[in-house]
1. Among the residues of the range 95-104, is any among the aromatic types (Phe, Trp, Tyr), closer than 19 Å to Leu376 by Cβ and within 16 Å of the chain's Cα centre (by Cα)?
2. Looking at Thr170, Thr146, can you tell me which residue is assigned to a strand (DSSP E or B) and modelled with pLDDT of 95 or more?
3. Return yes or no: is Leu136 surrounded by fewer than 17 Cβ atoms within 10 Å (Cβ to Cβ), in contact (Cβ under 8 Å) with a residue 40 or more places away in the chain and not aromatic (Phe, Trp, Tyr)?
4. So in the range 369-389, with the set limited to residues that are among the polar types (S, T, N, Q) and part of a strand (DSSP E or B), which one is farthest from the chain's Cα centre (by Cα)?
5. Out of the range 263-295, which residues are of a type in the set (Lys, Arg), part of a loop (DSSP other than H, G, I, E, B) and at pLDDT 90 or above?
6. Which ones in the range 235-261 are touching a residue at least 40 places away in the same chain (Cβ under 8 Å), part of a strand (DSSP E or B) and not polar (S, T, N, Q)?
7. Among the numbered criteria (1) over 26 Å from Val216 (Cβ atoms); (2) free of Cβ contacts under 8 Å to residues at least 40 places away in the same chain; (3) out of contact with any Gly (no Cβ under 8 Å at 6 or more places or on another chain); (4) acidic (Asp, Glu), which one does Glu315 miss?
8. Tell me yes or no: at least one residue of the range 296-319 is part of a strand (DSSP E or B), among the charged types (D, E, K, R) and surrounded by 18 or more Cβ atoms within 10 Å (Cβ to Cβ).
Amino acid sequence: MNLRNFSIAVLGFFALAVICQELQAQIVQPGTQTNGSETNNIITAVPFLLIIPDARAGAMGDAGVAVLPDGNAMSVNPSKLAFLDQHYGFSLAYSPWLRNVVSGINLAYLSGYYKLDNINTIGASLRYFSAGQIQLFDLNKQDLGTYNPSEFAIDGTFARKFGENFSLGTAVRYIRSNLSSGQFAAGQNTKPAHALAVDVSAYLKKSTVFLSKDAVLALGICISNIGTKMSYADTGPKYFLPTNLKLGGASTFMLDDLNQFTIALDFNKLLVPTRPIYDVNGVIVKGEDPDKSVPSGIFGSFSDAPGGFKEEIKEVSIATGLEYLYNKQFALRSGYFYESPQKGNRRYFTIGAGFKYQLVHIDFAYLIAGTQNSPLANTLRFSLRFNFL
């Protein structure tokens, strides 16, 4: 592609991003729910585990379970590590999160991988979430000082190739959530919560000719955070982890020796119980009791919504993204994420870019909120990746 065509491609890409911004005004804003119990938002512990730290996926609307792998693959789909070409590498990611709500909230991520051979790859990562500085008060509004709540997760990952086109991967995760300073609340002392969890994932790719262009078609699936419940007090309630099913596909077109274009589409669903509808006496009038075992919660999550199948469909969020890569050194990205207003109402556009200089990859993403007063508005994500042959 000559310089003129490349310039046209760049301008066209950013024109798409501008059009996406204009479309925000056409989205119907949801009305205020008069019956809070009918909102049926799914409640879990440690929702920070659902944040994708990778700025590449973040710029593509959080779609990434099936895109071609990179050093941050384990944060979206661990099985993709098996298809990395480099011998080893590590990455850093950082995002000031929900900065429109509380200053100081941020997510940091550190990961690394090592190929044992052409088939097996291992990896490890640390995800740290700081909730900023919080002013604490007791029930009598007495000042208890300030506190910095934080959570973290440590992962060990293993991925293995089976042939040239398929891989499986798993991650074992330790989670610690410290949201209080051990204060006496609700009749007992609070404490940090702990949990163990695993991810299971698969990745399938196929090189082919599609639409008269060389292409790589791929499918990916990852079920993350399958693990024990968490409690912040000895006899307090126990909360499900945010077990999540991510399923998606991606098509990467090699337009010529310099230009590459990717389209990705992901579907997400939380595999935890949906809250039922209660009457004024706290009796369930529609839906199922959410006090279940972890296996029952996972399998029952496909049929427990009080609104039936129509509500189950609303629990599926959609992420879609585009990536244009020039000479494997410069990338432009855009995407859109949609979640039903009754199930969290995360709706946003994303844009971003990536640059490669020798062994270093630099990526950033910017989030454009699709709803008014969104706490996610203007969120930034940054990633640094280092790969070594």
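1. Here is the first cut: in the range 95-104, the ones among the aromatic types (Phe, Trp, Tyr) are 97.
Okay, now just the ones that are also closer than 19 Å to Leu376 by Cβ, so 97.
Next, from what is left, pick out any that are within 16 Å of the chain's Cα centre (by Cα): 97.
Yes: the range 95-104 contains one or more residues that are among the aromatic types (Phe, Trp, Tyr), closer than 19 Å to Leu376 by Cβ and within 16 Å of the chain's Cα centre (by Cα).
2. On the way: Thr146 fails: modelled with pLDDT of 95 or more.
Thr170 is the lone residue from the list that is assigned to a strand (DSSP E or B) and modelled with pLDDT of 95 or more.
3. Taking the combined requirement at face value, the residue satisfies it.
4. Of the residues in the range 369-389, the ones among the polar types (S, T, N, Q) are 371-374, 378-379, 383, 387.
Then drop every residue that is not part of a strand (DSSP E or B), which leaves 383, 387.
Working: Ser383: 15, Asn387: 23 Å.
So, considering only residues that are among the polar types (S, T, N, Q) and part of a strand (DSSP E or B), the one farthest from the chain's Cα centre (by Cα) is Asn387.
5. Lys292, the sole residue that qualifies.
6. Within the range 235-261, the first condition is being touching a residue at least 40 places away in the same chain (Cβ under 8 Å), and the residues that meet it are 235-236, 239-244, 246-256, 258-261.
Going one step further and asking which of them are part of a strand (DSSP E or B), we end up with 239, 244, 246-254, 259-261.
Within the range 235-261, Tyr239, Lys246, Leu247, Gly248, Gly249, Ala250, Phe253, Met254, Phe261 qualify.
7. The single condition Glu315 does not satisfy is (2).
8. Within the range 296-319, not a single residue is part of a strand (DSSP E or B), among the charged types (D, E, K, R) and surrounded by 18 or more Cβ atoms within 10 Å (Cβ to Cβ).
The values are calculated or read from the model by the stated rules, or taken from the named source; none is laboratory data. Source: prediction; values computed, not measured. Because the Cβ atoms are built from the backbone with ideal geometry, glycine has one as well, and the counts that use them run over all protein chains shown.
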